[in-house]
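The values are calculated or read from the model by the stated rules, or taken from the named source; none is laboratory data. Not measured: the values here are computed from a predicted model. Here the Cβ positions follow ideal geometry from the backbone for every residue, glycine too, while neighbour counts run over all protein chains shown. Keep in mind that these areas ignore ligands, DNA and RNA; they rest on the heavy atoms of the full protein, side chains included. Shrake-Rupley method; radii C 1.70, N 1.55, O 1.52, S 1.80 Å.
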Amino acid sequence: MYVLYEDTGKLKAETLFSEAETSLQVESASGKRSKIKRNTVLFTFEQPAPDVLLSQAEALAATLDIPFLWECAPQQEFEVASLAEDYFGHAPGALEKTALLMALSAAPAYFHRRGRGTYRPAPPDILQAALAAIEKKRRQAELQQQWTDDLVAGKLPEALQPVARSFLDHPDKNTQEWKAFDAALQQLNVSADKLLLTLGVWPNPLAMRRERFLSTHFPKGTEWPPVATQPWGADLPQNDIEVYSVDDSSTIEIDDALSVTLPDDGTIRVGIHIAVPSLAIPRGSEFDDMARTRMSTVYMPGEKIPMLPRELIAAFSLDEGQWRPALSLYVTGRMEDGEILQTETRLERIRVTGNLRHDVLNNEITEAALTDPSATVPYAHWLRPLWHFALKRTAVRDHVRGRPENNDRVEYSFEIEGPPDDPNSIVQLIPRQRNAPLERLVAEYMILANSQWAALLAQHGVPGIFRSQQMGRTRMSTQPLPHESIAVQQYAWATSPLRRYVDLINQGQIMAAAEHGVSARLVAPFKPKDADLYAIIGAFDSQYTLWGDFQSSMERYWCIRWLQQQRIKEVGAYVLRDNLVRLSCAPFVTRINGMPAMERGDAVVLDILGYDELDLDIDCRLHEAA
């Protein structure tokens with residue numbers, strides 16, 4: 001004896017092994033026994049065998065005329081066995097009943113299941129609506145398949161053109177358009193970005209990368225609407241001293257400048273002057289909301305997206321010949337050993353004597369020339385004392401660290417000759433030695449200002465956003481902890497308020513500490529334990545990392561373009577670790593498959609076999625160990 005029963009919506013036929021009042025034990029063709037409930041059983045039969053029954057019933061069900069069945073079926077609930085007798089014209093056997101069960105369950109538009117082996121024909125109006133929906137779905141499936149076929153053939157269907165650019169970052173996966181595109185991806189076994197480029201959605205990888213970034217993070221455009229400015233800080237005392245800034249030629253946000261006086265033969269007084277946009281950006285103001293939205297200026301080769309409106313930058317940037325408000329730190333120190341004797345922080349107005357550009361002056365201002373009193377050096381009266389005191393301050397930090405700082409790495413600036421969104425624009429890589437005198441001098445005095453101002457905040461218990469490094473881990477927090485690699489007891493970013501929101505926040509706190517001293521914690525923009533500081537740290541870390549990743553990706557792209565434009569086929573590199581190498585002529589790191597084990601720093605020569613502007617990599621093989 002065999003039994004036909006339902007199991008999770010499927011028909012199963014197996015051998016009946018034993019029966020109980022509410023259950024049965026059945027055995028499958030493989031010999032596996034299982035227990036089923038009696039109320040799942042449709043009927044028992046003696047022939048044919050279960051596997052034969054199901055295969056023959058499936059074939060017979062495919063021949064049944066469903067519309068005709070609907071027309072001749074009773075308009076109320078009916079048993080499948082009774083309809084089978086009417087349809088086949090005789091008492092149905094197991095094969096006919098099973099075939100009809102399969103046919104009715106496969107046609108839910110025509111027949112509504114009411115119970116075990118019981119159905120009811122759909123009312124005419126409901127049937128027509130269901131058939132219309134089925135037809136619509138069929139046409140949609142045909143259209144979707146046609147779109148997929150076009151995509152596989154390399155043609156972008158017109159219907160997909162308005163939404164194709166959304167497929168990479170925010171696709172609506174419930175739409176026909178996406179389903180057709182996804183099916184094409186599966187057939188072609190390619191990534192979405194590669195297929196979209198092949199289809200011409202973007203003309204080149206550069207356009208795709210830029211638009212994805214800008215549409216996601218700057219959907220309203222990169223320029224702030226025009227803002228009105230005021231003569232902020234016009235009532236501050238003027239200090240008519242000789243002040244110079246040092247930046248590269250592309251810098252428009254001039255945050256910092258330096259001055260120097262020599263009170264006597266053994267003493268130096270250095271002025272570190274920082275632009276002070278905090279005067280115009282109180283906490284919670286419209287300008288503050290703007291800066292907090294971006295958190296930082298976004299840099300990429302050939303262009304930048306400023307954190308602040310350009311009018312605000314122009315009002316506070318320490319431009320040559322213009323009186324500007326500044327937050328000045330005056331450090332009096334001993335020239336002999338770099339010891340700091342006194343510091344003073346004050347708000348004032350200064351006029352920068354000149355905006356110097358290190359990419360213009362680096363060849364003239366060398367360490368040898370600065371050390372030789374007889375050598376001719378531009379701005380020597382300003383540079384030499386600053387340089388000598390900077391060396392002493394570096395030595396102090398090296399002593400604390402226990403070793404000299406490793407700053408002989410070559411960095412590169414990117415110059416784009418032509419539109420930065422045109423891959424055919426010419427790119428120039430300009431090497432910059434990190435230990436060049438002007439670079440070291442500016443870096444040393446920014447470290448001095450940031451560490452001294454961090455100490456000022458800590459001294460008066462004024463909260464700030466501090467930057468620390470311990471056990472190799474660099475992080476930001478509200479605690480003034482040591483920074484091991486810089487070798488200072490506390491450190492806070494505060495010297496770039498025109499382009500970094502953390503510096504802007506800290507500047508407001510420093511101004512309060514300088515003006516109010518021990519009572520500053522009561523009047524500072526951020527009071528102790530202000531939870532908003534923690535929110536700013538989290539948001540800044542995330543956003544700053546995002547901006548940095550985009551900058552790195554754009555620099556890799558333009559490195560690849562530079563290698564192509566220079567027609568370089570063989571390139572030198574040195575090993576970083578395992579199969580990871582850095583090119584000697586460009587800031588580019590890549591992996592070389594099959595490279596033998598080598599020591600860190602070993603020089604190699606690579607053959608360049610190809611370029612991938614989409615995945616931002618080059619295909620190389622080892623030519624020889626240099």
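Hey, which of the strands (runs of 3 or more DSSP E) in the stretch 522-610, taking only ones fully inside, have at least 3 residues that are modelled with pLDDT under 95 and either buried (at least 18 other Cβ atoms within 10 Å of the Cβ) or of a type in the set (Val, Ile, Thr) (or both)?
Details: elements: 570-577, 580-583, 589-591.
Where strands (runs of 3 or more DSSP E) fall fully within the stretch 522-610 and carry at least 3 residues being modelled with pLDDT under 95 and either buried (at least 18 other Cβ atoms within 10 Å of the Cβ) or of a type in the set (Val, Ile, Thr) (or both), they are 570-577.
For Pro162, are the conditions met, namely being open to solvent by less than 60 Å² (accessible area, probe 1.4 Å), at negative phi and either outside any loop (DSSP other than H, G, I, E, B) or out of contact with any His (no Cβ under 6 Å at 6 or more places or on another chain) (or both)? Criteria not met by Pro162. Of the strands (runs of 3 or more DSSP E) entirely within the stretch 267-378, those holding at least 3 residues that are open to solvent by 30 Å² or more (accessible area, probe 1.4 Å) occupy 323-334, 340-351. In the stretch 476-485, the residue that is farthest from Val298 (Cα to Cα) out of those that are open to solvent by less than 40 Å² (accessible area, probe 1.4 Å) and in contact with a helix residue (DSSP H, G or I) (Cβ under 6 Å, 6 or more places away or on another chain) is Thr478.
For the stretch 14-55, a residue qualifies if it is farther than 14 Å from Tyr2 by Cβ, assigned to a loop (DSSP other than H, G, I, E, B) and open to solvent by 70 Å² or more (accessible area, probe 1.4 Å), and the qualifying residues are Glu21, Thr22, Ser30, Lys32. Taking first residues from the stretch 145-165 that are over 15 Å from Trp202 (Cα atoms) and touching a residue at least 12 places away in the same chain (Cβ under 8 Å) and partners that are open to solvent by 90 Å² or more (accessible area, probe 1.4 Å) and assigned to a helix (DSSP H, G or I), the Cβ contacts under 6 Å between residues at least 6 apart in sequence or on separate chains come to Val152/Gln187.
Taking residues in the stretch 463-480 that are touching a residue at least 60 places away in the same chain (Cβ under 8 Å), and partners anywhere that are surrounded by fewer than 21 Cβ atoms within 10 Å (Cβ to Cβ) and hydroxyl-bearing (Ser, Thr, Tyr), the pairs with Cβ atoms closer than 6 Å and at least 6 places apart or on different chains are Pro463/Thr478. The single condition among (1) farther than 25 Å from Asp398 by Cα; (2) open to solvent by less than 20 Å² (accessible area, probe 1.4 Å) that Glu515 does not meet is (2). When the stretch 95-114 is filtered for residues that are more than 14 Å from Leu127 (Cα to Cα), of a type in the set (Gly, Ala, Ser) and touching a helix residue (DSSP H, G or I) at 6+ places or on another chain (Cβ under 6 Å), the ones remaining, listed by number, are Ala99, Ala103.
Within the stretch 205-227, the presence of at least one residue that is under 27 Å from Ser328 (Cβ atoms) and either part of a loop (DSSP other than H, G, I, E, B) or more than 28 Å from the chain's Cα centre (by Cα) (or both) is confirmed. Which number in (1) surrounded by 19 or more Cβ atoms within 10 Å (Cβ to Cβ); (2) of a type outside the set (D, E, K, R); (3) over 30 Å from Pro419 (Cβ atoms) marks the one condition that Ala183 misses? The single condition Ala183 does not satisfy is (1).
Could you list, in sequence order, the residues of the stretch 223-243 that are within 22 Å of Gln543 (Cβ to Cβ) and touching a helix residue (DSSP H, G or I) at 6+ places or on another chain (Cβ under 7 Å)?
Looking only at the stretch 223-243, we keep the residues that are within 22 Å of Gln543 (Cβ to Cβ), and these are 223-225, 227.
Answer for the stretch 223-243, where residues must be within 22 Å of Gln543 (Cβ to Cβ) and touching a helix residue (DSSP H, G or I) at 6+ places or on another chain (Cβ under 7 Å): Trp224, Val227.
Scanning the stretch 448-475 for residues that are open to solvent by 20 Å² or more (accessible area, probe 1.4 Å) and not basic (Lys, Arg) yields Gln452, Ala455, Leu456, Ala458, Gln459, His460, Gly461, Gln469, Gln470, Met471, Gly472, Thr474.
Taking the stretch 3-13 as the range and being open to solvent by 30 Å² or more (accessible area, probe 1.4 Å), in a strand (DSSP E or B) and either free of Cβ contacts under 8 Å to residues at least 60 places away in the same chain or among the polar types (S, T, N, Q) (or both) as the test, the residues that pass are Asp7, Lys10, Lys12.
Inside the stretch 408-429, can you point out the residues that are open to solvent by 60 Å² or more (accessible area, probe 1.4 Å), among the hydrophobic types (A, V, I, L, M, F, W, C) and closer than 28 Å to Trp387 by Cβ? Val410, the sole residue that qualifies. Restricting the stretch 612-626 to residues that are open to solvent by 70 Å² or more (accessible area, probe 1.4 Å) and outside any loop (DSSP other than H, G, I, E, B) leaves a set whose member that is farthest from Arg209 (Cα to Cα) is Glu624.
Applying the selection to the stretch 397-407, what residues are over 23 Å from Asp248 (Cβ atoms) and either open to solvent by less than 50 Å² (accessible area, probe 1.4 Å) or in contact with a Ser or Thr (Cβ under 9 Å, 6 or more places away or on another chain) (or both)? Break it down stepwise before answering.
Narrowing the stretch 397-407 to residues over 23 Å from Asp248 (Cβ atoms): 397-404.
Residues satisfying the conditions are Arg397, Asp398, Arg401, Pro404.
Put simply, of Gly89, Gly93, Gly117 the only residue that is touching a residue at least 12 places away in the same chain (Cβ under 8 Å) and on the phi > 0 side of the Ramachandran plot is Gly117.
Residues of the stretch 279-299 that are touching a strand residue (DSSP E or B) at 6+ places or on another chain (Cβ under 8 Å) and of a type in the set (Gly, Ala, Ser): Ser296 alone.
Being part of a helix (DSSP H, G or I) and either open to solvent by less than 30 Å² (accessible area, probe 1.4 Å) or among the β-branched types (Val, Ile, Thr) (or both) is the filter here; which residues of the stretch 63-119 pass it? Working first, answer last.
If we filter the stretch 63-119 for residues that are part of a helix (DSSP H, G or I), which is where we start, we get 66-72, 80-88, 94-105.
Result: Ile66, Leu69, Val80, Leu83, Ala84, Ala94, Thr98, Ala99, Leu100, Leu101, Ala103, Leu104.
Of the residues making up the stretch 486-507, those that are touching a Phe, Trp or Tyr at 6+ places or on another chain (Cβ under 8 Å) and open to solvent by 10 Å² or more (accessible area, probe 1.4 Å) are Gln490, Tyr491, Arg500, Ile505. Tally up the residues in the stretch 228-248 that are within 17 Å of Ile313 (Cβ to Cβ), touching a strand residue (DSSP E or B) at 6+ places or on another chain (Cβ under 8 Å) and either open to solvent by 50 Å² or more (accessible area, probe 1.4 Å) or assigned to a loop (DSSP other than H, G, I, E, B) (or both), please. Counting residues in the stretch 228-248 that are within 17 Å of Ile313 (Cβ to Cβ), touching a strand residue (DSSP E or B) at 6+ places or on another chain (Cβ under 8 Å) and either open to solvent by 50 Å² or more (accessible area, probe 1.4 Å) or assigned to a loop (DSSP other than H, G, I, E, B) (or both) gives 3.
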